[in-house]
Every structure is written in structure tokens, then in C-alpha cells.
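First comes the structure, then the notes that go with it.
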Amino acid sequence: MAVAAALSACSAAQSDAPDRQVRRPAAEDTPSAAAEPSPERRPFTISFGGDVHFEGMLRPRLNSPRTALGPIASVLRRADLAMVNLETAITTGGTPAPGKQYTFRAPASAFTALKAAGVDVASMANNHGMDYMETGLADSLAAIKRTKYPIVGIGKNDTEAYRPFRRVVNGNRVAIIGATQVLDAEFITAWTATANKPGLASAKNEERLLRAVRQARKGSDTVIVHLHWGTEMQKCPNPAQLSLAPKLVKAGADVVVGGHAHILLGAGYLGDAYVSYGLGNFAFYNANPATTGRTGVLTLTINGRKVLKDQWTPATIQGGVPIPMTGASRPRAVADWKALRSCTGLSSRP
């Protein structure tokens, strides 16, 4: 019954799709966004993988950082930028969050493994980012500072947690913000960064997140928001996702991507912006080949505010890491991924 209700809700959401087409700030609204690409700006690619941790069978892979993410790293390295969701606290100490069934932690060598795999930035804004509470958070922040590995969505205060990663790529000023819409109810207050408290960037504080997007818009050509969002094992976006995506686009986001559901969800265009509702697991244990073991890399080709192309590289999780698909199974998996769009209200083209 729950699945039927979810599918019904998704169908209803799809029928409302035209109402969710939103107007993004025009060039005249944002002085930094030129009406035409500058002569020196040219398209760039950014690849996104889903949720990563290094627990269980994945922990020994940190002994060989260069191969920790397996053969999928070749796909990530080909992109101008690559990003994943790092779903773990970076600590070897701390106290597990009370009452949580699953708590994840990894040593700082996790950053070395991501860097070696070609991952340029990761988000730690998720429902496992503070699994080892305040001590684990302090260790995570110290590791970020010590290694200088680019992390978004976590910080010593809200200014730092909502601060975007910035890089100029092929003349494009790119800004990436990380935030989580998923937090256990009992930890929302304790885990959310504020002006005076370290923690995570929370999308539950919508106005704070939207303000960060509007600020990023003023000095960027491309604004990307990476979210931890969705309902576990539900293949259609939930009402919270369907509500937040157009708000982010209206605030100035060109791309909205993320995951949490452990399975793939649909992706496509919301007006001129691009939205991916669920990237699934990526480097993760206990994968069911038919559901949670389906994964891949989403690669977008972007020039300024225009998402010119999307490409899906399908993979299956084997031994905890993504193995790119080959042969006849590959085009079938791409078609299956495209079919997930049917309950999102998104379009295949802008």
C-alpha cells in the first residue's frame, strides 16, 4: 500500500509539472551573469557520483588510495570537475550518535582516496556527517583544515557550512553549495550549523539555504546545489524535494543534484535548470544488484548558466565499488535511467 501511495503521489506531482516551471534570475537581475558567453569562456564538464563511505568491506580499500574507488575513477578523472557525497564522519574517535542503527566513520585517508580517484570536491552535509557527534565533528573539521581537501556542507559555523566551493573552469566561475534535507528529528538542532555553533548546512532552514544560493549567484557563472534528499527506497521524488527544487532554481541555481534514497531517481530539466533527484549508492556495501546496486556517473556539459548535455555512465556495485557496465547491458541501463524521469515532472530538454 505504501508503494502504491507513493507512486500515486508521484503521478499527481507529474500532472502538476507545468505549474512548477519557474523563472530563474535573468542576466539583468544578476550583474555577474553576462547575457552572452564571454569570448574566453567555453563549456566544461562536471561528473557526479552518489553516496560514498568506507565502512565494512570498503575500509581496507583505503590501504591503496589510488584504486579505492575502483575502475569508475577513470570516468571521474575525465571530467573537468567531479563530486560525490561523502556519507561519513572523518574521525577515528568520538561517540556514536545515540539510537542510530547505522553510524559511519573513516580516517582522513578517505580524502586521499577521493583525491586519487579524481574527485575534486565532496559534500558532508548528510545524515551521517555527524554520526560521531561533537567530537567526531571537531575531528572532521580538523582533518579538512589539515588536508585542505575541498568539502562543502559542514563548518565551524553557518557561514562556513553554507559557503560554496569555488573554482574557475574553462573561464566559468563555478560555485557549489552542499546542504542536507535529511536529518533525524532528534538531531536537527544538535547537527545544524548556526552563527555560533559548528555543524551541517541544513536545507530544512530553507531561507538560509536560499540566501546562500542568491549570494553565490552574484559572483558566479554556474551555481550548483548538492543536496542530501529523498525517501529511502522510494523511486519518485517526495513532496519536500518537489517543493524545494523550484525554489532553488528561482534563487539562482543552475543545477540541483543529490541523493539519499539508496536507489536511482530521475533527472532532467526544470525550465532551463537541471535537476537530478537521486544518484543512488556509489561506493557502498550491502548492495542488492537489482536495486541498491544500480549506480553510475552523471556528467553534465555546462557553459555559464546553460546545461548543454547530460550523459549517464551506468555501473553496478560489486565488492562495494562501482563497476562500469559494458556490452548490451549498458544501453539498456541508460534507457532505464532515462525512464526514471517519468514521475519527476522534469523534461528531457530545456
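Once you have the Cα-Cα distance between residue 148 and residue 185, take 0.36 nm times their residue separation minus that, and quote the gain in nm to one decimal. Present the calculation step by step, with values, prior to reporting the outcome.
Details: separation 37, 0.36 × 37 = 13.32 nm, distance 3.15 nm.
Net length gain for the segment: 10.2 nm.
When the listed pairs 100/306; 115/306; 100/235; 156/247 are checked against a 32 Å cut-off, the alpha-carbon distance exceeds it for 100/306.
Please report the net charge: other residues with Cβ closer than 12 Å to the Cβ of residue 292, K and R +1, D and E -1.
Details: positive: 235, 294; negative: 51, 232.
The answer is 0.
Can you give me the C-alpha center-to-center distance between segment 209-241 and segment 40-105, rounded to a whole angstrom? Answer, in whole Å: 20. Relative contact order for the chain: 20 percent, from Cα pairs under 8 Å spaced at least 6 residues apart, divided by residue count.
Classify segment 63-172 as rounded, prolate or oblate, taking a ≥ b ≥ c as the square roots of the eigenvalues of its Cα gyration tensor: rounded when a/c is under 1.5, otherwise prolate if a/b is larger than b/c and oblate if not. Because a/c hits 1.5 or more and a/b fails to exceed b/c, segment 63-172 counts as oblate. Taking 7 Å steps out from each Cα toward its Cβ at residue 92 and residue 214 produces label points 4.6 nm apart.
Taking a Cβ cut-off of under 14 Å around residue 159, the surrounding Lys, Arg, Asp and Glu residues balance to a net charge of +3, with basic ones at +1 and acidic ones at -1. Between residue 166 and residue 195, the modelled labels are 2.3 nm apart [label points 7 Å from Cα along Cα→Cβ]. Database remark: amide H of residue 238 closer than 5 angstrom to the amide H of 231 (H placed geometrically; neighbours at sequence offset of 5 or more, or on other chains; Pro and chain starts carry no H).
Please state the shape class of segment 132-247: rounded when a/c is under 1.5, otherwise prolate if a/b exceeds b/c and oblate if not, all from the C-alpha gyration tensor. Working shown, then result.
Working: a/c = 1.68, a/b = 1.03, b/c = 1.64.
Verdict is oblate for segment 132-247.
Going 7 Å from the Cα of residue 100 along its beta-carbon direction, which residues of segment 166-183 have the amide nitrogen within less than 18 Å of the resulting point? 179-183, by backbone N distance to the label point.
Here the average projected area of the convex hull drawn through the C-alpha atoms of the chain stands at 16.7 nm².
Using the crude model of +1 on Lys and Arg Cβ and -1 on Asp and Glu Cβ, and no other charge, please compute the dipole size for segment 204-345 relative to its Cα centre, in debye to 20.
Values: 17 positive and 8 negative charges, 60 e Å.
The calculated dipole for segment 204-345 is roughly 280 debye.
Here, each number is a calculation from the coordinates, and none is a lab measurement. The model shown is predicted, which means the values in this text are computed figures rather than measured ones. Backbone-built Cβ (ideal geometry, glycine too); neighbour counts: all protein chains shown.
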